[in-house]
1. Where does each of 47-58, 28-39 land if you order them by average Cβ count within 10 Å, highest first?
2. Would you mind telling me the share, in percent, of accessible area of the stretch 18-79 contributed by carbon and sulfur at probe 1.4 angstrom?
3. For the stretch 18-79, what does the accessible surface come to per residue with a 1.4 Å probe? Please give it in Å².
4. Quick one: if the Förster radius is 30 Å, what FRET efficiency do PHE78 and ILE36 give, using the C-beta to C-beta distance and rounding to 0.05?
5. Take the alpha-carbon positions of the stretch 18-79, form their convex hull, and give its projected area averaged over all directions (one quarter of the hull surface) in nm².
6. With θ set to phi - 60° and the Karplus curve 6.51 cos²θ - 1.76 cosθ + 1.60, what are the ³J(HN,Hα) couplings of the stretch 43-55 in order, to the nearest whole Hz, using x for Gly and Pro?
Amino acid sequence: MQDIILVAADEAAKATGYGAIGYGLAAIGPGIGIGILVGKALEGMARQPEMAGQLRTTMFLGIAFTEALALIGLVAGFIL
């Protein structure tokens, strides 16, 4: 009986590790997306400084939506 409990505990530990790896992989996409988004916004601000306010607002909206993907990945990691 004790062997069965130890095997079940080992299987639970393996599943927990996979969730952490899955979230780490899920966070790569939004990280790359935010990097591209901010880079392109800065490039647009450098090309047309008079549009900086509008570009900054749009950039922050894009960052919020992209960051939501990372939070969804975190929640999915906890659920699975």
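The values are calculated or read from the model by the stated rules, or taken from the named source; none is laboratory data. Everything numeric in this text was worked out from a predicted model, so none of it was measured. Here Cβ is always computed from backbone atoms with ideal geometry, including for glycine, and neighbour counts include all displayed protein chains. Remember, those area values only see protein heavy atoms, side chains included, never the ligands or the DNA or RNA. Shrake-Rupley method; radii C 1.70, N 1.55, O 1.52, S 1.80 Å.
1. Descending mean neighbour count gives 28-39, 47-58.
2. Values: 3260 of 4350 Å².
Its accessible area is 75 percent carbon and sulfur atoms.
3. Working: 4350 Å² over 62 residues.
Using a 1.4 Å probe on heavy atoms only, each residue of the stretch 18-79 averages 70 Å².
4. Working from the Cβ atoms, E equals 0.60.
5. On the way: hull surface 15.2 nm².
Taking the Cα atoms of the stretch 18-79, their convex hull projects to 3.8 nm² on average.
6. Karplus-based 3J(HN,Hα) across the stretch 43-55 equals 5, x, 5, 5, 6, 9, x, 5, 9, 4, x, 5, 5 Hz.
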